[in-house]
Amino acid sequence: MRYVSTRGDAPAVGFEGALLAGLAPDGGLYVPETWPALDRDLHGLDYAETAAAVLAPFTAGALDEAALLAMAKEVYAGFDHPATTPLVQVGPDRWMMELFHGPTLAFKDCAMQLLGRLFETVLARRGERLTIVGATSGDTGAAAVAALAGLESVDVAILHPLDRVSPVQRRQMTTVTAPNVTNIAVQGTFDDCQDLVKAMFADRPFADAMRLGGINSINWARIAAQAVYYAFAATRLQGPVHFVVPTGNFGNVFAGYVAKRLGLPIGRLVVATNVNDILARFFQSGGTYAAEGVQATLSPSMDIQVASNFERALFEAHGRDAAAVRGLMARFKQSRSFTVEADAFAELGRHFGAGRADEAATVARLRWAAANGLGVLDPHTAVGLEVALGLDLDGPVVTLATAHAAKFPAAAEAANLALPPLPASMADLFEREERFTVLANDLDTVEAHIRGAFR
Ligand SMILES: *Cc1c(COP(=O)(O)O)cnc(C)c1O
């Protein structure tokens, strides 16, 4: 399988190239050159077997299904539920799929755990090392540290904004003492962290000397690995199955589109946003994508205004016309806004829909869930459920439960609910010693620290 860039100005690469590069050199995102069809019946397969079957077409030429299965069995055995991603019924034909049974209690583990093994295998084969740098508002960094700690061929440096991630999220990163992990608390915001990471990649001498790689959700391998749980759910319910996806960067919901293109019985893919609703406004306005300022909410992992993975959907909706995508992205860079043509909007509307929940509705839905036997949910899942229960769709609707409630104490408190305890594997999180370095929001300072940490 080969991968092309959504901006059309980068050479096609194989799976290994897409995995190691993250972003394409022309600034675009990698997508498969052609969409494979899954000619396999997934009924009766467990999660690891489903993962190997779904991923095999995307890794063809780099890894075969047997190699994938060995990795998948190992990593998903570490999840604390026998079904890996269990379905919970919330009403007639209405379900939640719990994606938070991995080591850091958010759905990002589902893909990141596998990504660690993919990096290790591919790098060992090439005799190469990689330095992963990433910015996090909490969940991605924790999942990356958990997946990459202790690996032979990878060093990992995670930047988080000082005092702006929850204590559970911070401790999940900073209590990991493996020598290949360094945590940096930047005196600044999440956007500052992200700008520093972008600047490190743009600093070619530094990027080449450190052999930088990325793990944010633009990495194709993460998207592909997330398609697995859509396939798993669609195989278990009488399809077509609709999904409601708490959304920030459009990565998770695009993985649903990938599963649909593979041929799985999937109906609508509904984006659920909080008040940072650029995507909901896009669908309501008939195709105008216009950024506004980011507001802090109870569901912080969706406090995003620029949904980087949306570019992949735009590429498909424009008949894979990279010039059209380049035009939209240039317009967005200039004026923070663009409007798509009617044809492209209609094509997006065939697959995707959107809804939004404000803070009051999120809190009310948290209280409703607790009163209706669903326990304390996390706020991102509550946003999803709020949108899902307002939809008029026939057939099964699955809301993705993206995190464990214990990760987001502010939301439980706002809803006047007792915070559930951390799972046993993390019961001593607040007794463990922390290790991180506070640095100024300054490129030279951060680069010098990373160079020194992994000399
Ligand atoms: C990352 C995250 C999201 C948003 O996922 P995207 O792929 O960015 O759309 C939603 N909920 C939780 C808990 C997250 O960690």
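Semi-axes of the equivalent ellipsoid of the stretch 122-272 are 31, 19, 15 Å, computed as sqrt(5λ) over the eigenvalues of the C-alpha gyration tensor in descending order. Normalised by 2.2 N^0.38 Å, where N is the number of residues, the C-alpha radius of gyration of the stretch 363-411 stands at 1.14. Projecting the Cα atoms of Thr59, Met97, Ala70 onto the charge dipole of the stretch 50-112 (Cβ charges, centred on the Cα centre) puts Met97 farthest toward the positive pole. Multiplying the residue separation of Thr177 and Ala448 by 0.36 nm and removing their Cα-Cα distance gives an extension gain of 95.5 nm. Expressed as a fraction of 2.2 N^0.38 Å, the value expected for a compact globular protein of N residues, the C-alpha radius of gyration of the stretch 1-102 is 1.31. Computed from the alpha carbon positions, the gyration tensor of the stretch 37-154 leads to an equivalent ellipsoid with semi-axes of 26, 20, 11 Å, biggest first. Please list, in order, the residues from the stretch 292-309 whose amide nitrogen is less than 20 Å from a point placed 7 Å along the Cα→Cβ vector of Val88. Answer for this model: 298-302. Taking 0.36 nm per residue of sequence separation and removing the Cα-Cα distance, the Ala296/Arg455 pair yields an extension gain of 53.5 nm.
Taking each DSSP H run with n ≥ 4 as -39500 (n - 2.57) and averaging over every residue of the chain yields -13000 deg cm²/dmol at 222 nm. With all pairs of different C-alpha atoms in the average, the Kirkwood value for the hydrodynamic radius of the chain is 22.1 Å.
Charge dipole of the chain (Cα centre as origin; +1 on each Lys and Arg Cβ, -1 on each Asp and Glu Cβ, all else neutral): 320 debye, rounded to the nearest 20.
Scanning residues 5 or more positions from Leu212 or on other chains, those with amide H under 5 Å from its amide H are Thr131, with H placed 1.01 Å from N in the peptide plane. Computed from the C-beta positions of Ala440 and Ala202, the FRET efficiency with R₀ = 22 Å rounds to 0.70. Rg ratio for the stretch 404-455: its Cα radius of gyration over 2.2 N^0.38 Å, N being its residue count, equals 1.78.
Using the Cβ-Cβ distance between Arg129 and Gln238 with R0 set to 30 Å, the FRET efficiency works out to roughly 0.05.
Dividing the mean sequence gap of close Cα pairs (under 8 Å, 6+ apart) by how many residues the chain holds gives a relative contact order of 18 percent. For the chain, what is the number of Lys pairs with C-alpha distance below 27 angstrom, counting only pairs 8 or more positions apart or on separate chains? Summing the qualifying lysine pairs gives 7. Could you compute the FRET efficiency for Trp35 and Leu393, with r as their C-beta to C-beta distance and R0 at 30 Å, rounded to 0.05? The computed FRET efficiency comes out at 0.75.
Note: the stretch 91-152, Cα convex hull, 96 Å³ per residue.
No value in this document is a laboratory result; all are computed from the given coordinates. As the structure is a computational prediction, the values presented were derived from the model and not from experiment. Note that we place each Cβ from the backbone using ideal geometry, even for glycine, and neighbour counts take in every protein chain shown.
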